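We did not get these values from a lab; they are worked out from the coordinates using the rules stated. Since we're looking at a predicted model, the values are computed, not measured. All Cβ positions, glycine included, derive from the backbone under ideal geometry; neighbour counts span all protein chains shown.
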Amino acid sequence: MSAAKRTIDSFFKPPAKKLRVSESATLEEKPVDEEPEREFTRHSTYPFPIPCFPSSISLELSSLPSTIGKEINNQADLDLLYFEPYIPKYLERQVFQFLRLELPFYRVEYDINRGGISTHIKTPRWTTVFGLDETSKFNDIGEVIDVNSNKKIEKERYYTKYPPRPIPKCLDDLRLSTEAATGCKFNFCLVNYYASGSDSISYHSDDERFLGPLPAIASFSLGARRDFLMKHKPIPPNDNSPPPPETKPVKLPLASGDMILMRGRTQANWLHSIPKRTGKNADDGGRINITFRRAMTKGGTENYYNYNVGTGTMYKWDNILKEMRIWKKS
C-alpha cells in the first residue's frame, strides 16, 4: 500500500502525537491555562523549523490594518499608501520580538564589478528572504514545480545555487493581511534587521526588470523609529519639452507598526534609503523591516537569495546576550 499524500498543512503543523491510554486518561486534569503546543513551519531548505505565531497574534493579524491608509501622491511620479500604523501599538512589540528571535538571519558579503574594478561589499544589516517567483510554485510536499504544467522543474531550469524556501506561516499571515488591505499580490518576503543606528541602506530603487512594470512593494517597520527618505531620480534635460515640475525630498519618520506601500511609477522614478543614525538614542534597540514583493521571473528568485542569504554563515538572535550569534546545528 502506498503512503498517503501529505497536504500543505503538514508544513505548518507538527505530526500528531499518539497518546498512551494513561496520557489520554489524564488530559482533563491538566491546568486550563497551560501553554498550547507550539506549531512550526517545516521545509528541507530551512536551517530549523520556524515557529508559527501564537494563535492570539495570528487572530489579530487577520483583522488588520488598524487604520486606513493615507494616499501620498502630491508630487510627480509619487504614489504611496501610508498606514500609520498598520499593526497597533499593543501588538507591534510582540511581532517584532517574535520575528527577531525565531527567524534565521545572514550577514551577506559579495563582490561587484564597476568599471573593471572589483569591490567587496559587506551588507550593513542582517537579512533573510523567503519566496518563489511567478513561474514556479511549491506543491503539497514542498517540491518546486512549474506553475503551468504542475511538474517538477527540470534540472536545467532548477534553482541550483540557492534552493527556494517557502514563506513560513508567521510571515505568510502578514502577507495575506497585506494583500487583502492593498489589493496587491506578493510572492516574496524580504526581512532586514538593523541592529543599531549604524546599520543602514543607501539610496536605491527596487525597479529591477524581474518585478515587471509598475511594481507594488509593501514595507513594514517594527522596533526602533527610523527615518525613511525619498528623492526623485535626476531627470535629464530635454530641449523639446518644458522643464519637469520641481520635486522635494520626502521624509517619513517610520514608527513601529507603520507600513508604506510604494506603487505605480514610484520605483521607476524615486529613490529611497534608511540613513545611519548617529548619537545615542533610547529607541535604537533594533529595527526590523519586512517587504513584500512580487517577482515575475526566475531571475528575481536568484537575485533575492544571492543578496539576502548568500553562501555565508547563518545567525540567530540570542535572547540572553541580546545580539545576533552564529548558529550551529546541535
Item to check | Degrees, to the nearest 10: 169-182 long Cα axis against longest axis of the chain | outcome: 50 degrees
Item to check | Rounded to 10°, Cα long-axis angle of helix 298-308 versus longest principal axis of the chain | outcome: 80 degrees
Next on the checklist: As I understand it, the value is the acute angle between the Cα axis of helix 89-102 and the longest principal axis of the Cα atoms of the chain; what does it come to in degrees, rounded to 10?
Outcome noted: 70 degrees
Item to check | Lysine pairs meeting the criterion (Cα under 24 Å, 8 or more apart or interchain), as found in the range 65-183 | outcome: 11
Item to check | Approximate spin-label separation residue 93-residue 330, in nm, with each point projected 7 Å along Cα-to-Cβ | outcome: 2.8 nm
Checklist entry - If you stretched the chain out fully between residue 148 and residue 71, how much longer would it get, using 0.36 nm times the residue separation minus the C-alpha to C-alpha distance? => result 24.1 nm
Next on the checklist: Within a 10 angstrom radius of the beta carbon, how do 70, 316 rank from fewest other beta carbons to most?
Outcome noted: 70, 316
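Fewest Cβ neighbours within 10 Å first, please rank 43, 204 accordingly. Don't jump to the answer; show the numbers that get you there.
Values: 43 16, 204 10.
Taking fewest neighbouring Cβ atoms as first place, the list is 204, 43.
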Checklist outcome for this item: So, relative contact order of the chain in percent, Cα under 8 Å, 6 or more apart, is 24 percent
Item to check | Where labels lie 7 Å past Cα in the beta-carbon direction, separation of residue 118 and residue 320 in nm | outcome: 4.1 nm
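Let me make sure I get this right: for the range 54-316, a, b and c are the square roots of the gyration tensor eigenvalues over alpha carbons, sorted descending. Under 1.5 in a/c it's rounded, otherwise prolate if a/b > b/c, else oblate. Which is it? Intermediate results must be reported in sequence, preceding the final value.
Working: a/c = 1.31, a/b = 1.10, b/c = 1.19.
Rounded shape, in that the Cα axes give a/c under 1.5.
Pulled fully out, how much extra length does the chain show between residue 251 and residue 55, if you take 0.36 nm times their separation in residues and subtract their Cα-Cα distance? Please list the in-between numbers first.
Details: separation 196, 0.36 × 196 = 70.56 nm, distance 3.58 nm.
Going from the current span to full extension adds 67.0 nm.
Neighbour counts of other C-beta atoms within 10 Å: give me 120, 232, 272 arranged from fewest to most. List each step's numbers first, then the result.
Working: 120 8, 232 19, 272 22.
The most exposed by this proxy come first: 120, 232, 272.
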